[in-house]
Amino acid sequence: MSHALAFIETSASGEVRNTAAMLIAAASKLGTPVAVVVAAPGTGDALIAELGELGAAQVYVAETDQFGSVLVAPQLAALEAASAALQPSAIVLAHSIDGREIAGRLAVRLRTGLLVDVVDVRADGDVVVATHSVFGGAYTVEATVPGAGPAIVTVRQGAIDARAETASPTLTTQSITVDPASAAVIDEVHDAVVATDRPELRGATRVVSGGRGLGSQANFALVEQLADALGAAVGASRAAVDAGYVPQTSQVGQTGITVSPQLYVALGISGAIQHRAGMQTAKTIVAINKDADAPIFDIADFGIVGDVFTVVPQLIEALGKRE
Amino acid sequence: MKIIVLVKQVPDTWGERTLDTATGRLDRSASDAVIDEIDERALEVALQYKDGQDAEVVALSMGPSTVTEVLRKSLAMGADSALHVRDDALLGSDLSRTAAVLAAAITKSGFDLVIAGNEATDGRGGVIPAMIAEHLGVPSMTYLDTVEFAPGSISGVRGDEHGTVSVHASLPAVISVTEASAEARFPNFKGIMKAKKKPLDVWTLADLGLDDSGFAPSTVVTSTTERPARTAGKKIVDEGNAGNELAEFLAAGRLI
Ligand SMILES: Cc1cc2nc3c(=O)[nH]c(=O)nc-3n(C[C@H](O)[C@H](O)[C@H](O)COP(=O)(O)OP(=O)(O)OC[C@H]3O[C@@H](n4cnc5c(N)ncnc54)[C@H](O)[C@@H]3O)c2cc1C
Ligand SMILES: Cc1cc2nc3c(=O)[nH]c(=O)nc-3n(C[C@H](O)[C@H](O)[C@H](O)COP(=O)(O)OP(=O)(O)OC[C@H]3O[C@@H](n4cnc5c(N)ncnc54)[C@H](O)[C@@H]3O)c2cc1C
């Protein structure tokens, strides 16, 4: 069986990002999974146990003192070197901000095709087949990369639930340097410190989102309270983001995150087509809006025409009583 | 400073957007075609710089003949000239072809800075700017929320899933900007009149020295299926008990 590379993202301090499990699982469906990771000199060994736990058969560590100071170029060089050494049939990355930039450049550098934002992968003989979910899930499209080079695939974060079996990986360490003049330089990293206990929006099984109908940043706390009562992630409409109630990273929709949870609760959201594009594949949709004609009701399994400030507190209380 | 702004024509997100289930391609006849909102913001970033400094702003688009409207709008907003890459052989181009063609046009035109949208609202790949930078052999900084210009370099704040990073790169470079970057200006009457006299050149693949095959690897769509539309379920009007009813609905569906 040929190799399939999974590119593992890390934080500035070297911790493995939570997309790793999904990516190694995706790679294991396409070949022998090799985790490729960039690390500061001497820190790579520490990652082996964790990546083996997630199913990597081999760990390819590219060590460089440019880790954390040069944007994406070391990661690109690492994948280029691993690809030359292992001749993989596929290279799988997260469809994250960094993942996209690395994948795009790598596809041009290796002169191979690119399949982006896929929600599943499978091998059909030697051919990598990727599934896309398009226009908010209105269409499912399958696509392949014919030809010799490895298929480069970016996987939507949280889209693949399967996990690979634990392995005891072999280790390859390679040292790399890139020409900093041809890359962007990182001046400062501000990793968000506000780590909450709430589930992450991407891949969440329950999401409670709030819109302009909440009226203020202070009132938006109601959305968070319901989210906590349901153990859900917090989302928002673009209008709520533009009004400053929540950061852009919470935006659901066309130009925000696409979610596909078991339960999606929309509070004070009208249901503009661009918002629906990010949530309409949810299993069950609940909407509370005081306008009976709001378009969100067209796709809601349970709609309440009412005021969020009276319905939601009652719901939270009822949920509390059931526990 | 010569800034090339990439503008894409896309189906209006306010309409129903459809794929041709036989080819997996966008059915462009099914909805109104407009300039992508994100590319108006990219153009705005360039125009704000030009408002205060000496700069030449060129709008570049690849697409069918209707793209002229998008370029006219860019000129009316304030771009100095426009370039349209148009060739029947480009119909249904994938990411690799699109990036190769745009990069060839940028090279032919010459540039100090390329500004693109972070991701198009139709394809949503979010990779074209990085691919172009690789073709051009220059630094890229994608997904910038803010952009600062300095002599010979460009800097900004790039938001990712975990926080933000401050980054800079020397020129020439390629950047892409997010929704947070700028609110686009509206073209005024004077701008619209002036736009009619500004140059709008059309280039074919032959003009770019590319033949219609083999210059880029390819992807192939093998199947396209449409999901049945969602329908409305139960809708109640709150008469004082809706919160409790919703709790029951959630419990019945094992959602709590
Ligand atoms: C290119 C493009 C991309 C876009 N991308 C996105 C995107 O990614 N995500 C997104 O969400 N939008 C996006 N939009 C914006 C979208 O068109 C809408 O403007 C936006 O979704 C509206 O947000 P909203 O529903 O919160 O606000 P509104 O449409 O203003 O709706 C507020 C709702 O709250 C209700 N309400 C008010 N008070 C109460 C109350 N007390 N109780 C109950 N209900 C109440 C009102 O009846 C109303 O229906 C995009 C637009 C464009 C053009
Ligand atoms: C639903 C869907 C899924 C697709 N999936 C794939 C895939 O997996 N692999 C693949 O190879 N192709 C794919 N394609 C084709 C691909 O989207 C097109 O090649 C498209 O022209 C460029 O990609 P994008 O819209 O995703 O660009 P993005 O990378 O999202 O665009 C970012 C920015 O680049 C600039 N830009 C992009 N295209 C142009 C243009 N024509 N003219 C001027 N500026 C431009 C704009 O500034 C834009 O804001 C897909 C198309 C669709 C509709």
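The values are calculated or read from the model by the stated rules, or taken from the named source; none is laboratory data. All values reported here derive from a predicted model rather than from experimental measurement. In this analysis, Cβ positions are derived from the backbone assuming ideal geometry, glycine residues included, and neighbour counts consider all displayed protein chains. Ligands, DNA and RNA are excluded from the accessible area calculation, which covers all protein heavy atoms including side chains. Shrake-Rupley method; radii C 1.70, N 1.55, O 1.52, S 1.80 Å.
Just to be sure, is B:GLY137 surrounded by fewer than 19 Cβ atoms within 10 Å (Cβ to Cβ), at the interface with another protein chain (Cβ under 7 Å from one of its Cβ atoms) and either within 16 Å of ligand 1 (Cβ to nearest atom) or not β-branched (Val, Ile, Thr) (or both)? Please lay out each step first, then the result.
Values: surrounded by fewer than 19 Cβ atoms within 10 Å (Cβ to Cβ): yes; at the interface with another protein chain (Cβ under 7 Å from one of its Cβ atoms): yes; either within 16 Å of ligand 1 (Cβ to nearest atom) or not β-branched (Val, Ile, Thr) (or both): yes.
The answer is yes for B:GLY137.
Identify the residue in the stretch A:1-50 that is without any contact (Cβ under 8 Å) to a residue 40 or more places away in the chain and part of a strand (DSSP E or B) and, among all such residues, is least open to solvent (accessible area, probe 1.4 Å).
Looking at residues that are without any contact (Cβ under 8 Å) to a residue 40 or more places away in the chain and part of a strand (DSSP E or B), I get A:ALA39.
Picking from A:ALA227, A:ALA266, which residue would you name as being at pLDDT 95 or above and over 25 Å from B:PRO11 (Cβ atoms)?
Working: A:ALA266 fails: over 25 Å from B:PRO11 (Cβ atoms).
None of the others qualify; the one that does is A:ALA227.
Restricting the stretch B:26-61 to residues that are more than 14 Å from chain A (Cβ to nearest Cβ) and part of a strand (DSSP E or B), which is farthest from ligand 1 (Cβ to nearest atom)?
If we take residues in the stretch B:26-61 being more than 14 Å from chain A (Cβ to nearest Cβ) and part of a strand (DSSP E or B), then B:GLU56 is farthest from ligand 1 (Cβ to nearest atom).
Based on what the data block shows, is A:ALA130 part of a strand (DSSP E or B), at the interface with another protein chain (Cβ under 8 Å from one of its Cβ atoms) and under 24 Å from B:ARG17 (Cβ atoms)?
Against the criterion (part of a strand (DSSP E or B), at the interface with another protein chain (Cβ under 8 Å from one of its Cβ atoms) and under 24 Å from B:ARG17 (Cβ atoms)), A:ALA130 does not qualify.
When you scan the stretch A:30-50, how many residues do you find that are under 22 Å from A:ALA85 (Cβ atoms) and among the charged types (D, E, K, R)?
1
Being more than 16 Å from the chain's Cα centre (by Cα) and either within 6 Å of ligand 2 (Cβ to nearest atom) or farther than 21 Å from B:LEU19 by Cα (or both) is the requirement here; does B:THR98 meet it?
Taking the combined requirement at face value, the residue does not satisfy it.
What's the number of the only condition in (1) away from ligand 2 (no atom under 13 Å from the Cβ); (2) at the interface with chain A (Cβ under 9 Å from one of its Cβ atoms); (3) part of a loop (DSSP other than H, G, I, E, B) that B:ASP122 fails to meet?
Failed condition: (1).
Tell me yes or no: at least one residue of the stretch B:146-154 is facing chain A (nearest Cβ under 7 Å) and either over 17 Å from the mean Cα position of the chain (by Cα) or crowded, with 18+ Cβ neighbours inside 10 Å (or both).
Of the stretch B:146-154, the ones facing chain A (nearest Cβ under 7 Å) are none.
No, the conditions are met nowhere in the stretch B:146-154.
Would you confirm, using the coordinates I've provided, whether A:ALA233 is in contact with a Pro (Cβ under 7 Å, 6 or more places away or on another chain) and more than 16 Å from ligand 2 (Cβ to nearest atom)?
Numbers: in contact with a Pro (Cβ under 7 Å, 6 or more places away or on another chain): yes; more than 16 Å from ligand 2 (Cβ to nearest atom): yes.
Answer is yes for this residue.
Given the structure, is A:VAL116 buried (at least 20 other Cβ atoms within 10 Å of the Cβ), in contact with a helix residue (DSSP H, G or I) (Cβ under 6 Å, 6 or more places away or on another chain) and under 24 Å from B:GLY163 (Cα atoms)? Break it down into steps so the answer makes sense when it comes.
Numbers: buried (at least 20 other Cβ atoms within 10 Å of the Cβ): yes; in contact with a helix residue (DSSP H, G or I) (Cβ under 6 Å, 6 or more places away or on another chain): no; under 24 Å from B:GLY163 (Cα atoms): yes.
It is false that A:VAL116 is buried (at least 20 other Cβ atoms within 10 Å of the Cβ), in contact with a helix residue (DSSP H, G or I) (Cβ under 6 Å, 6 or more places away or on another chain) and under 24 Å from B:GLY163 (Cα atoms).
Being β-branched (Val, Ile, Thr) and open to solvent by less than 50 Å² (accessible area, probe 1.4 Å) is the filter here; which residues of the stretch B:1-33 pass it?
Across the stretch B:1-33, the qualifying residues are B:ILE3, B:ILE4, B:VAL5, B:VAL7, B:VAL10, B:THR13, B:THR18.
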